[in-house]
1. Going through the stretch 25-128, which GluC sites (Glu not before Pro) have at most 12 other Cβ atoms within 10 Å and a DSSP loop state?
2. Taking only Cα atoms and a 10 Å spring cutoff, compute GNM fluctuations for the chain and point out the largest among L122, L54, L43.
3. If the elastic network links every pair of Cα atoms under 10 Å, which of D292, D128, D32 fluctuates the most in the Gaussian network model of the chain?
4. Between R353 and I204, what is the label-to-label distance in nm when each label sits 7 Å out along the Cα-to-Cβ direction?
5. Over the chain, average the accessible area per residue using a 1.4 Å probe and give it in Å², no decimals.
6. Mind checking which of Y289, Y245, Y81 has the largest fluctuation in a GNM of the chain, springs on alpha carbons under 10 Å?
7. Ordered by residue, what ³J(HN,Hα) values in Hz, to whole numbers, does the stretch 159-172 give under the Karplus form 6.51 cos²θ - 1.76 cosθ + 1.60, where θ = phi - 60° and Gly and Pro are x?
8. How big is the Kirkwood radius of the stretch 93-209, worked out from every pair of different alpha carbons and given in Å to one decimal?
Amino acid sequence: MAAADAVKEKEEQEQVVSPWEVSAGKGGIDYDKLVDQFGCQRLDAAIVDRVARLTGRPPHVFLRRGLFFAHRDFNEILELYEKREKFYLYTGRGPSSEALHLGHLIPFMFTKYLQEAFKVPLVIQLTDDEKFYWKNLTVEESKRLARENAKDIIACGFDVDRTFIFTDFGYVGGAFYENMAKVARCVTYNKAVGIFGFSPEDHIGKCSFPPVQAVPSFPSSFPHLFAGKDQLRCLIPCAIDQDPYFRMTRDVAPRIGYQKPSLIESRFFPALQGENTKMSASDANSAIYVTDSVKEIKTKVNKYAFSGGQDSIELHRKLGANLDVDVPIKYLNFFLEDDDELEHIKKEYKEGRMLTGEVKQRLIAVLSELVARHQRARAQVTDEMVDAFMAVRPLPKMFG
């Protein structure tokens, strides 16, 4: 092989994970490599058991199946909780599309569980400014999409008495902006390029954005919620591609007198075509959307969900399925609640007794029910409810 070809193949096989780009290597995302590269910790069974013991409820399916798999100082949050001390949750969404796909729901479903299990307040940031910078959207369209996405987020079942949702265009200023300035002064341009990969062609709006996503980690950014609680700890549930923002935040926090935020981080939700492709808003068939009909879900799963089954029934009965690449199994791993049923399906499918079509039928039923439930909840969300979640006011049920 020529040297140039070898370099090209190496480049094609290397994974890239950043807040704006996720591309898998040849064998899918190497999560062990990511943990080492980012310097976070693996979330082990002892931590999952501790969560169950402290909250008095079974751990969420995403926790017990290792879908949230890495963390930064989550054990410190659990130690605080054990001492009856408080913390708050922070997560967010970049509103770049009208409808959310199932991958977008993952952090919100998990954050809802954390809010209920630990009975703590939550702030949700809608980065309409980020999408104005990165996507070809007007300010007005970014703001409109933020409100539409807020309705889907509210439909996940968050408690309005413990939740503050804000848009950057609507909220940034005052104490929030002061914290942004403090963070910005601590991060050199060279450091930002090293963390985020900015290029000379990027406009300065992109370079100015990281402090905006950093400072919801600091309680003093929300004086109407946390006045006098500047050392309150923050836990951030997110996908692992958001880790670079919070590596920067954790580096800066002690230098400006704040606590480092803790993180609990998830694997990526795969596109229907498999882990080596990306769910894309420009390709409606790469994902299941919360607006899809039962018919659309059925068509997408049957036609596009990548199968680990064999090419013929005879071969499948003999060799069984490759579960490592099978997308229906990966989706069931996220959304089929019953552990025993999931293990039964995996065993039967792997050993060739269950066929791809049967696995897909079960997935279609699970996703249809999930999406229909979300659509019913979304239909109940009014503009007045969005205004209530976004109102700058003390939260009635902050803790406990």
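The values are calculated or read from the model by the stated rules, or taken from the named source; none is laboratory data. Given the structure is predicted, the values throughout are model-derived calculations rather than measurements. Cβ placement follows ideal geometry from the backbone for every residue including glycine, while neighbour counts extend to all protein chains displayed. Accessible surface areas use protein heavy atoms only, side chains included; no ligands, DNA or RNA. Shrake-Rupley method; radii C 1.70, N 1.55, O 1.52, S 1.80 Å.
1. Answer in residue order: E85.
2. Most flexible of the set in this elastic network: L54.
3. So, out of D292, D128, D32, the one fluctuating most is D32.
4. 6.7
5. Working: 18190 Å² over 400 residues.
That works out to 45 Å² per residue.
6. Taking springs between Cα atoms under 10 Å, the residue moving most is Y81.
7. Result, ordered by residue: 7, 4, 7, 10, 10, 10, 9, 9, 9, 5, 4, x, 10, 4 Hz.
8. Result for the stretch 93-209 stands at 15.9 Å.
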